[in-house]
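Colleague: One structure is given below, represented as structure tokens, and several questions about it will come after.
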Amino acid sequence: VRFPEDLEDDNTTFNPEYSHQVFGDDEVAFGYKGLKILLYYIAGNLSTLFRIEYTSKVNEKFDCVEADDVESKIREIIPPGFCTNTDDFVSLLEKEVNFKPFGMLLHTYSVHNEEAGEDITYQIYKADMTCPGFREYHERLQTFLMWFIETASFIDVDDERWNYFLVFEKYNKDGATLFATVGYMTVYNYYVYPDKTRPRVSQMLILPPFQGEGHGAQLLETVHRYYMSSPTVLDITAEDPSENYIKLRDFVLVKLCQDLLCFSPGKLMQGFSQEMVMEAQQKLKINKQHTRRVYEILRLRATDMGNAEQSRSYRLDVKRRLIGPYKKKQRELAKMRRCLRPEELTNQLNQIDLNMQHEQLEESFQQLVSDYRRVLERLAQA
């Protein structure tokens, strides 16, 4: 909510992707007709208005059953101090002009907005719990995780090894410049013996009204650039990354790596090398596993897939990596031959069908190439 009229505007409304973390696996609130759970957030500081509306509710006295206590379920995830009536909320909206982003400005960029017919400016900040007011703001911000990240949990903000990176949009209201929350990322700095750290991305969320505009890539690239300048950082990883995050990371890392000398077309065609591993880690804080994916994507770009020899060479190179788990199964099988009785061995052999493995390998390869092509298409448009 930026203006009072946004309260009645369905265009500014978005619905949760998940509600199982609040309402159980069936995502059901029992005992209501026409139930609406309404959560309004002021665009910048995320002050909250919480209301529940329904047309009717079961009554224990007449229906012998009790409706779910929806209000207490929501109160468990939103911090205290929220508004319950619109007038209080609107009066807070008038103070929004005083809200300023927390922490240190790292990056400013603009995105062209077709609807508005102009470029809109965005900024990325790094904050921590020592910033005045940030702890309370973060409590409100993290409530979005419950609705948009499938296995979300709230973090221990008293642990000083957390870093917070925030994206804000700058907008004008009555001649003043205000800031709206776009999204954020939390990163935990793990200790690596003897004197390094390994920042690990824990949570990343771009709010639904801003998705598809490139903010995730801007945020991830900014975070990488922030850590790249630190001599104590070994490499940057992510905790349990989703498929969407992996695609985003592929794009950002390829964009960062494509100008390194070790990824020149001539060197790509010679195969994956230790030089690539070293340069990507030292200059860009990228680990070996991620560097290998970057190599495969950039080699695909350098390969003429219409040329039978180049295409075959690329396919074999990628499949050599993909076949790793299957080779492990073969080694396990060799052990089984020595240890198992004939009937037990037959049972295990049935589970390791070589033809099926070849089919799965080809399927994995085709899926990978399809994903890689999308990264390259996006790169060409960047």
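Colleague: Can you tell me how many residues within segment 191-200 are more than 19 Å from the chain's Cα centre (by Cα) and closer than 26 Å to Y137 by Cβ?
Modeller: Qualifying residue count, segment 191-200: 1.
Colleague: Within segment 91-148, count every residue that is among the polar types (S, T, N, Q) and within 19 Å of the chain's Cα centre (by Cα).
Modeller: The qualifying residues number 3.
Colleague: Scan segment 52-75 and tell me whether some residue there is touching a Lys or Arg at 6+ places or on another chain (Cβ under 9 Å), of a type in the set (A, V, I, L, M), closer than 22 Å to Q142 by Cβ and assigned to a loop (DSSP other than H, G, I, E, B).
Modeller: Taking every residue of segment 52-75 in turn, none turns out to be touching a Lys or Arg at 6+ places or on another chain (Cβ under 9 Å), of a type in the set (A, V, I, L, M), closer than 22 Å to Q142 by Cβ and assigned to a loop (DSSP other than H, G, I, E, B).
Colleague: Of everything in segment 76-89 that's in contact (Cβ under 8 Å) with a residue 40 or more places away in the chain and outside any loop (DSSP other than H, G, I, E, B), which residue is farthest from the chain's Cα centre (by Cα)?
Modeller: The extreme case among them is T86.
Colleague: Another question, then. State whether the residues of segment 41-50 include one that is surrounded by 15 or more Cβ atoms within 10 Å (Cβ to Cβ) and farther than 20 Å from E169 by Cβ.
Modeller: Yes, there is a match, as at least one residue in segment 41-50 is surrounded by 15 or more Cβ atoms within 10 Å (Cβ to Cβ) and farther than 20 Å from E169 by Cβ.
Colleague: Next question, about the same structure. Being surrounded by fewer than 18 Cβ atoms within 10 Å (Cβ to Cβ) and either in a helix (DSSP H, G or I) or hydrophobic (A, V, I, L, M, F, W, C) (or both) is the filter here; which residues of segment 282-300 pass it? Spell out how you get there, then give the answer.
Modeller: So in segment 282-300, the residues surrounded by fewer than 18 Cβ atoms within 10 Å (Cβ to Cβ) come out as 282-283, 287-289, 292.
Result: Q282, K283, K288, Q289, R292.
Colleague: Quick check: anything in segment 122-133 within 22 Å of E5 (Cβ to Cβ) and either touching a residue at least 24 places away in the same chain (Cβ under 8 Å) or not acidic (D, E) (or both)?
Modeller: No, that holds for no residue.
Colleague: Would you mention how many residues in segment 212-264 are in a strand (DSSP E or B) and more than 18 Å from the chain's Cα centre (by Cα)?
Modeller: So the count comes out to 1.
Colleague: Can I ask one more? What's the number of the only condition in (1) without any contact (Cβ under 8 Å) to a residue 60 or more places away in the chain; (2) at negative phi; (3) of a type outside the set (D, E, K, R) that C64 fails to meet?
Modeller: The one condition C64 does not meet is (2).
Colleague: Look at segment 1-19 and say how many of its residues are among the acidic types (D, E) and surrounded by 15 or more Cβ atoms within 10 Å (Cβ to Cβ).
Modeller: Qualifying residue count, segment 1-19: 1.
Colleague: Can you name every residue in segment 91-121 that is without any contact (Cβ under 8 Å) to a residue 60 or more places away in the chain and open to solvent by 60 Å² or more (accessible area, probe 1.4 Å)?
Modeller: Of everything in segment 91-121, those that are without any contact (Cβ under 8 Å) to a residue 60 or more places away in the chain and open to solvent by 60 Å² or more (accessible area, probe 1.4 Å) turn out to be E94, K95, N98, M104, L105, T108, S110, H112, E114, E115, E118, D119.
Colleague: Give the number of residues within segment 26-49 that are touching a Leu at 6+ places or on another chain (Cβ under 6 Å) and in a strand (DSSP E or B).
Modeller: 1
Colleague: So, in segment 131-189, of the ones that are part of a loop (DSSP other than H, G, I, E, B) and in contact with a helix residue (DSSP H, G or I) (Cβ under 7 Å, 6 or more places away or on another chain), which residue ends up most open to solvent (accessible area, probe 1.4 Å)?
Modeller: At the first step, the residues of segment 131-189 found to be part of a loop (DSSP other than H, G, I, E, B) are 131-133, 149-161, 174-175.
Filter once more, so that each one left must be in contact with a helix residue (DSSP H, G or I) (Cβ under 7 Å, 6 or more places away or on another chain): 152, 154, 157.
On the way: A152: 17, F154: 78, V157: 32 Å².
It comes out as F154.
The values are calculated or read from the model by the stated rules, or taken from the named source; none is laboratory data. Being a predicted model, the structure only gives us computed values, none of them experimental. Methodologically, a virtual Cβ is constructed for each residue, glycine included, from the backbone with ideal geometry; neighbour enumeration extends over all protein chains shown. Just so you know, the surface numbers come from the protein's heavy atoms only, side chains and all, with ligands and any DNA or RNA stripped out. Shrake-Rupley method; radii C 1.70, N 1.55, O 1.52, S 1.80 Å.
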